[in-house]
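Here is the structure we will look at, set down as structure tokens.
The values are calculated or read from the model by the stated rules, or taken from the named source; none is laboratory data. Here the structure is a predicted model, which is why all the values come from computation and not from measurement. A quick note on method: Cβ atoms are made from the backbone with ideal geometry, for glycine too, and the neighbour counts reach across all protein chains shown.
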Amino acid sequence: MKFRTKAIHIGNQRCRLTGAVVPPIHLASTYVQESPGVWGDYDYSRSGNPTRDNMETTLAALENGVDALAFSSGMAATHCVTMMLNAGDHIVAGTDIYGGTYRLLHKISNRAGITVTLADAGNPENLQAAIQPNTKLIWIESPGNPLLSITDISLCAEIAADAGILIGIDNTFATPVLTRPLDLGIDIVMHSATKYLGGHSDALGGALVVKDTELREQLYFIQNATGNCMSPLDSFLISRGMKTLDLRVKAQSESALAIAEFLEADPRVSRVLYPGLPSFEGHQLAKQQMHGGFGAMLSFELAGDFEKANRVTASTKLFQLAVSLGAVESLIEQPASMSHASYDRDDRLAHGIKDELIRLSVGLEDPTDLIADLDQALNG
Ligand SMILES: Cc1ncc(COP(=O)(O)O)c(C=O)c1O
């Protein structure tokens, strides 16, 4: 089956009881057993739930994995991976990562005696150099957040495999529509399902997808033991969202390219970061690694003018000032004070995330309206 067919037919079997073409939402928290010690397919919803199973089955098929595990949020999914490590272990992560991941690694994992080194994954040699004898996990994002940097996923996977280190990737920005990291040698794909998978700003969730059943068992053990799972209602909404994922991501990517070209040609804008622009550092790699578009996230700067950047983010009318991304509504934000506020300022500036950087999540509105909105806001 092709991607769009899988999104609609895998994990979305009709209800056997009623024939309903959309599976029902199973809200029950517990399930009747035949007798003590005899377990059916389900016993308790923390351990397994049919609606969550459906969502996991669809996502695993879209990422070419053997299984997926659905969590209450993207951070919960990433946290589950870090819980595989022990005190004394070390993590190497990219510098261009979501602010919440930075916070998890530096302010939660460190409490468990795990150390972290950030390395610019845009050049995988940096990752290699950061590996220590106790490194147990490499964590990357491509395109990165918020600088859209492109990481050579296959090369990083090779480095990790040679060193016998587990490697995970946050695939939230690219989605399986544009990049399927398990096919490129990655062990664990993570999603904030809150974003493109759901796609409508009305559900919160996260997911891990793997291609190895033993790894799946290890992660599932932690998930069940710590009780971190996606609710049935969120599972249902994210399943519904995934049916249109391919169409949305491709259309939103096309609009993002048009907007990036508009901004790049505009003298009021000093720098545009978008993997689809030939001027962008990672463009050639993005062309090889991403299929069907370059994503719908982009960032830009206004000639080092912080006040002006604030005026722009306050004066768009269609782009709404809000964190999050990946939905049908376009959003605008300022990473320094919003999505990446949990970064230590010095670290953030050292990694090139300036105060005046503006990030856009391009939605599904008509791109000409979005360009007109930015045009008027840039005058603000
Ligand atoms: C790239 C990326 N990864 C992970 C997360 C965390 O996901 P969640 O908010 O669902 O916990 C976010 C949230 O903004 C994100 O943008």
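General observations
- Failed item, numbered, when residue 306 is tested on (1) hydrophobic (A, V, I, L, M, F, W, C); (2) surrounded by fewer than 17 Cβ atoms within 10 Å (Cβ to Cβ); (3) touching a Leu at 6+ places or on another chain (Cβ under 6 Å): (3)
- Within the stretch 188-206, not a single residue is away from the ligand (no atom under 16 Å from the Cβ) and either surrounded by 24 or more Cβ atoms within 10 Å (Cβ to Cβ) or not in a loop (DSSP other than H, G, I, E, B) (or both).
- Candidates 294, 280, filtered to the one that is touching a strand residue (DSSP E or B) at 6+ places or on another chain (Cβ under 7 Å) and either in a loop (DSSP other than H, G, I, E, B) or crowded, with 21+ Cβ neighbours inside 10 Å (or both): 280
- Residue identified as over 18 Å from residue 237 (Cα atoms), of a type in the set (Gly, Ala, Ser) and away from the ligand (no atom under 16 Å from the Cβ) among 48, 19, 94: 19
- Filtering the stretch 184-203 to residues that are more than 19 Å from residue 250 (Cβ to Cβ), of a type outside the set (S, T, N, Q) and over 8 Å from the mean Cα position of the chain (by Cα) leaves 184, 185, 186, 187, 188, 189, 202, 203.
- If you go through the stretch 106-118 and keep only what is within 16 Å of the ligand (Cβ to nearest atom) and under 18 Å from residue 226 (Cα atoms), you end up with 108, 109.
- Failed item, numbered, when residue 175 is tested on (1) more than 12 Å from the ligand (Cβ to nearest atom); (2) touching a Lys or Arg at 6+ places or on another chain (Cβ under 9 Å): (1)
- A residue that is surrounded by 12 or more Cβ atoms within 10 Å (Cβ to Cβ) and under 23 Å from the mean Cα position of the chain (by Cα) occurs somewhere in the stretch 36-52.
- With respect to the conditions (1) touching a strand residue (DSSP E or B) at 6+ places or on another chain (Cβ under 8 Å); (2) over 19 Å from residue 222 (Cα atoms); (3) away from the ligand (no atom under 16 Å from the Cβ); (4) not small (Gly, Ala, Ser), residue 66 falls short on a single one, namely (2).
To keep it simple, each residue is scored yes or no on (1) within 16 Å of residue 143 (Cα to Cα); (2) touching a helix residue (DSSP H, G or I) at 6+ places or on another chain (Cβ under 7 Å).
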residue: 284; (1), (2): yes, no
residue: 298; (1), (2): yes, yes
residue: 306; (1), (2): no, no
residue: 310; (1), (2): no, no
residue: 313; (1), (2): no, no
residue: 320; (1), (2): no, no
residue: 337; (1), (2): no, no
residue: 344; (1), (2): no, no
residue: 353; (1), (2): yes, no
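- Every residue from the stretch 259-277 that is part of a helix (DSSP H, G or I), surrounded by 15 or more Cβ atoms within 10 Å (Cβ to Cβ) and among the hydrophobic types (A, V, I, L, M, F, W, C): 259, 260, 262, 263
- Residue in the stretch 154-166 that is among the β-branched types (Val, Ile, Thr) and either within 19 Å of residue 75 (Cβ to Cβ) or within 16 Å of the ligand (Cβ to nearest atom) (or both) present: no
- Of all residues in the stretch 346-372, those satisfying the criterion of being more than 16 Å from the ligand (Cβ to nearest atom) and more than 23 Å from residue 123 (Cα to Cα) are 355, 356, 364, 365, 366, 367, 368, 369, 370, 371, 372.
- Looking only at the stretch 340-380, and only at residues there that are in a strand (DSSP E or B) and among the aliphatic types (A, V, I, L, M), the one that is farthest from residue 319 (Cα to Cα): 358
- Each residue in the stretch 91-149 was checked for being of a type in the set (A, V, I, L, M, F, W, C) and either assigned by TED's automatic domain parsing to the domain that holds residue 359 or farther than 27 Å from residue 361 by Cα (or both), and 11 of them qualify.
- When each of 78, 58 is tested for being outside any loop (DSSP other than H, G, I, E, B), away from the ligand (no atom under 16 Å from the Cβ), within 17 Å of the chain's Cα centre (by Cα) and in contact (Cβ under 8 Å) with a residue 40 or more places away in the chain, the lone residue that passes is 58.
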